[in-house]
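Everything on this sheet refers to the single structure shown next.
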Amino acid sequence: MAAGKGLDFQAALLRKTRWRPLEFVVWLVAFSLPLVMPSHALMVNEIAIVALFAMSLDLILGYTGIVSLGHAAFFGFGAYAAALFAKLVMPDPTVGLLVAIVLSGAIGALASVTILRGSDLTRLMVTLGTALLLLELANKLDWLTGGADGLQGVVMGPVLGLFEFDLFGRTAAWYSLSIVLLLFLLMRRLVQSPFGATLKAIRDNRLRAMAIGIPVASRLVTIYTIAAAIAGAAGALLAQTTGFASLDVLAFDRSADVMLMLVIGGVGWLYGGIAGAIVFKLLQDTLSTVTPQYWMFWIGLILVLLVLVGRDRLLKPWTWFGRRA
């Protein structure tokens, strides 16, 4: 009987790993946008980067239940690591990306010790403190990071030695989309594996997960390290495609924005990070053009409606005043 249940569980996991036709359409459209809409290639590149950042946060928030307000620490560290590597060592973007991923993962492994104990409120403060420490460190080490002026003079070489970064941003967009797709496949495989199932068990009830023999501490350290490495990859992509890294990449606004993206798109669902990034960046771009001084007011209003009405019913105004199911 137990063996039969185990086989059913494995079959359910395998079904979830299969791609649906709509997913192929989504990614084909994403890769075709820089060619179809070359004037918006820079926006596509930015959305791809913040979508990867949002998915990295979803690994610890949506799948593991770790609330973090300092995820920008790893994003910013990856950005500075890639920029400094290109400026001081070699301009190859792929090698710089790998270096940023490894170093960000190492910082995440060190910081993971701080989230093993305490409540959600404690973790909020500790993760925020980690980001603030790195922010102040980057500000003080101005001889290395450029301080408040930012790290300038970052020149990237061609991707794989073949594709030069152009002013229109098409190469940058395709480069970022390729990395996002690769890491999305890895994250998808991770969360839909038995390892991912243990993460969800920890999220739902940590004490029960410990009681049934799940090594909670090692799982938390592992997923926090992986999420930090992926956030570092997103930061590296930003630095490489813009040729610039500043204190802004470590600011609290980064962590707050990516949290808002998950609120919009939904947690515990990798495509939620992508959807939230698309909606948030398009709203930000549109509203800041229409009302430059008050665009945050309108985004806040939309978030309030999202919470009061619900994500599913927000686009159906005729159901707002009915009774929820």
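The values are calculated or read from the model by the stated rules, or taken from the named source; none is laboratory data. Small disclaimer: the values here were computed from a predicted structure and weren't measured. Counting neighbours? That spans all protein chains shown, and the Cβs are built from the backbone with ideal geometry, glycine included. These accessible areas exclude ligands, DNA and RNA; they are computed on the full protein's heavy atoms, side chains included. Shrake-Rupley method; radii C 1.70, N 1.55, O 1.52, S 1.80 Å.
The table that follows gives values for the structure above.
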{"item": "Residue that is farthest from the chain's Cα centre (by Cα) [pool: residues in the stretch 53-74 that are of a type in the set (Ser, Thr, Tyr), under 14 Å from Gly108 (Cβ atoms) and part of a loop (DSSP other than H, G, I, E, B)]", "result": "Thr64"}
{"item": "All helices (runs of 4 or more DSSP H) inside the stretch 75-171 with 3 or more residues being open to solvent by less than 30 Å² (accessible area, probe 1.4 Å)", "result": "93-111, 120-140"}
{"item": "Pairs, first part of a loop (DSSP other than H, G, I, E, B) in the stretch 198-217, second among the polar types (S, T, N, Q) and surrounded by 18 or more Cβ atoms within 10 Å (Cβ to Cβ), C-beta under 8 Å, six or more apart", "result": "Ile214/Thr198"}
{"item": "Matching residues in the stretch 266-307 - criterion: being of a type outside the set (A, V, I, L, M) and open to solvent by 60 Å² or more (accessible area, probe 1.4 Å)", "result": "Trp269, Asp285, Thr286, Thr289, Pro292, Gln293, Tyr294, Phe297, Trp298"}
{"item": "Filter result for Ile264 (modelled with pLDDT of 90 or more and either assigned to a helix (DSSP H, G or I) or small (Gly, Ala, Ser) (or both))", "result": "no"}
{"item": "Where a residue in the stretch 264-282 is closer than 11 Å to Leu52 by Cα and its partner, wherever it lies, is aromatic (Phe, Trp, Tyr), with Cβ under 7 Å and at least six apart", "result": "Leu270/Phe184"}
